Amino acid sequence: MLKKFSIMFSALFLMLNAQLFAADFDTGGENPTDDSVIYYFGYGSNLDETYFKQWTPSATRVTTAHLPNYEIQFRKYSTDLEGGISSIVPTPGGLIEGVVYTIDKKEMEALDILEDVPLGIYNRETFKVISPEGKWYNADLYYVATPKGPYTPSLKYLGYMIKGAKAQGINQPWIDHLEALRDEVLKAKE
């Protein structure tokens, strides 16, 4: 059922993706003008600013954005959250909704340790993301270095994603997708 929903969701955003790239855009990507900060793209639990700012108090929202040609899959299991947590997976026509923040570089280095980058669990890499207005940003994000699973998503983790997506003003189809995924997990647990 998760796979069927993922395919339907990808098809829905393929149309949006095609519309985004039908126009001419400068794809060079913007970097912050302040050298002490970086752009960061939050797409999972880090959409929830209250949750995210525990580790990155300097995080300041810049804009919502899309990561084209990727999709979210729950490819790492968290014993603390009792379920899968998200990562990105290359998917032609896929689209991930998220938010761009500026974050102090020193806080990002500390977050690397929290995200187990030195242990090779996650990678942090710069990707090009695009705002709804068509502006490209060079933004760092984390993804699972060696994906496993997929796993049934953690309900608590989905809660962070949904709460954050609503607070950030992410588009309603994305919120609907996350809520349907949560409902599917709840139904499977009955």
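Observations on the model:
- If the condition is being over 19 Å from Arg61 (Cβ atoms) and not in a strand (DSSP E or B), then segment 113-137 contributes Ile113, Leu114, Glu115, Asp116, Val117, Pro118, Leu119, Gly120, Ile121.
- Flag if Leu111 is modelled with pLDDT under 95 and more than 23 Å from Glu179 (Cα to Cα): yes
- Complete set of residues in segment 46-75 that are surrounded by 20 or more Cβ atoms within 10 Å (Cβ to Cβ) and not in a strand (DSSP E or B): Asn46, Leu47, Asp48, Phe52, Thr56, Ala59
- Which listed residue, of Ile88, Ile96, Ile103, Ile162, is under 16 Å from Arg61 (Cβ atoms) and at pLDDT 95 or above: Ile103
- The set of residues in segment 138-162 that are assigned to a helix (DSSP H, G or I) and surrounded by fewer than 17 Cβ atoms within 10 Å (Cβ to Cβ) comprises Leu155, Lys156, Gly159.
- If you filter segment 76-104 down to residues that are charged (D, E, K, R) and in a loop (DSSP other than H, G, I, E, B), you find that the one that is nearest to Lys156 (Cα to Cα) is Glu82.
- Looking only at segment 35-53, and only at residues there that are within 14 Å of Thr64 (Cβ to Cβ) and modelled with pLDDT of 95 or more, the one that is farthest from the chain's Cα centre (by Cα): Tyr39
- Pairing residues of segment 140-154 that are under 26 Å from Lys189 (Cα atoms) with residues that are polar (S, T, N, Q) and assigned to a strand (DSSP E or B), at Cβ distances under 7 Å and at least 6 apart in sequence or on separate chains, gives Val144/Ser87; Pro147/Ser87; Pro150/Gln73; Ser154/Ser78.
The values are calculated or read from the model by the stated rules, or taken from the named source; none is laboratory data. Keep in mind the model is a prediction, meaning the values are calculated, not measured. Neighbour counts run over all protein chains shown; Cβ positions are idealised from the backbone, glycine included.
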